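Everything below concerns the one structure shown next.
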Amino acid sequence: MAGHNKWSKVKRQKAVTDSRRSKVWAVITRDIMVAAREGGKDPLMNARLSLAIQKAKAKNMPKENIERAIKRGAGEIEGQDYKECTYEGYSAHGVAMIVDALTDNTNRTVADVRSVFSKNGGNLSKSGSVAYLFERKGFIQIRSNAIDELELLELVADVGAEDVEEEDGMHIVITSIETFEAVQTAISSSEIPIEESRLIRIPTTTVQKTPDQVRQTEALVAKLDDLQDVQEVFTNLEQ
């Protein structure tokens, strides 16, 4: 299978601590609502919702919170209407950045994102100015002890996976957008537990910076990541 830039080198791994639990739950709640709105409230028929529920349980979200988010997304009870948004920009040192957000107030979110870029020497760019530097891919993470690597490779290759790697005790499966759900379904149908599954952005080319520039860029990513509406931040920084 074709190689690719390591996923761990293109995004900052979110560290979930007790102090950030409220944001973590808020992010997952919005994800559940959008998944239920777009694909229906039955997790057996909605892979995105099923995985969002799994993530909620892994973060110890109460069952009633999960059920309420599903009902809101399905329109059974009133609640905020969330929209997925993508913002593009550059750090002070020319590192391309994409910010994926989920918000009920786009004016607030774009103002928050622009403010963080501006205060840290970066700039928010127009749509399309950065996106062409990245490819959107499916990312599926499975514990290495759940299945032999060769068996997993054979399973997912048959349904269109692009790559399988071993990293830090995990199998990392990379797919195209088109085959993402089919690969997830094949893995789940084989009763192999999925640790995490989501869409990521992999840079087609990366840039090298000095240690100080890397630290400054990472600080900008951290501040963007701390915004309530931000889901993930991706860069083309070589680390």
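The C-beta contact set for region 36-63 (first residue surrounded by fewer than 20 Cβ atoms within 10 Å (Cβ to Cβ) and at pLDDT 85 or above, second residue among the basic types (K, R) and in a helix (DSSP H, G or I), distance under 7 angstrom, 6+ apart or interchain) comprises G39/R48. Given the residues S127, S118, which is the only one that is small (G, A, S) and either under 30 Å from G169 (Cα atoms) or modelled with pLDDT of 95 or more (or both)? Step by step, each of S127, S118 is checked, and only S118 is small (G, A, S) and either under 30 Å from G169 (Cα atoms) or modelled with pLDDT of 95 or more (or both). As a summary of the residue check, S115 satisfies the conditions (1) open to solvent by less than 80 Å² (accessible area, probe 1.4 Å); (2) in contact (Cβ under 8 Å) with a residue 12 or more places away in the chain except for the one numbered (2).
Residues are listed down the side, and each one gets a yes or a no for (1) over 25 Å from T205 (Cβ atoms); (2) touching a residue at least 24 places away in the same chain (Cβ under 8 Å):
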position	(1), (2)
N120	no, yes
S127	no, yes
V130	no, yes
F134	no, yes
I140	no, yes
A146	yes, yes
E151	yes, no
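Going by what's in this entry, would T86 be described as free of Cβ contacts under 8 Å to residues at least 24 places away in the same chain and either closer than 20 Å to S125 by Cα or open to solvent by less than 50 Å² (accessible area, probe 1.4 Å) (or both)? For T86, the condition - free of Cβ contacts under 8 Å to residues at least 24 places away in the same chain and either closer than 20 Å to S125 by Cα or open to solvent by less than 50 Å² (accessible area, probe 1.4 Å) (or both) - is not met.
When A96, A101, A74 are screened for being under 20 Å from the mean Cα position of the chain (by Cα) and either among the aromatic types (F, W, Y) or modelled with pLDDT under 95 (or both), only A101 passes.
The values are calculated or read from the model by the stated rules, or taken from the named source; none is laboratory data. Computed from a prediction, not measured in an experiment: that's the story for all the values here. So basically every Cβ, Gly included, is an ideal-geometry build from the backbone, and we count neighbours across all protein chains shown. When the accessible area is computed, the model is the full protein with side chains, heavy atoms only, and any ligands, DNA or RNA have been set aside. Shrake-Rupley method; radii C 1.70, N 1.55, O 1.52, S 1.80 Å.
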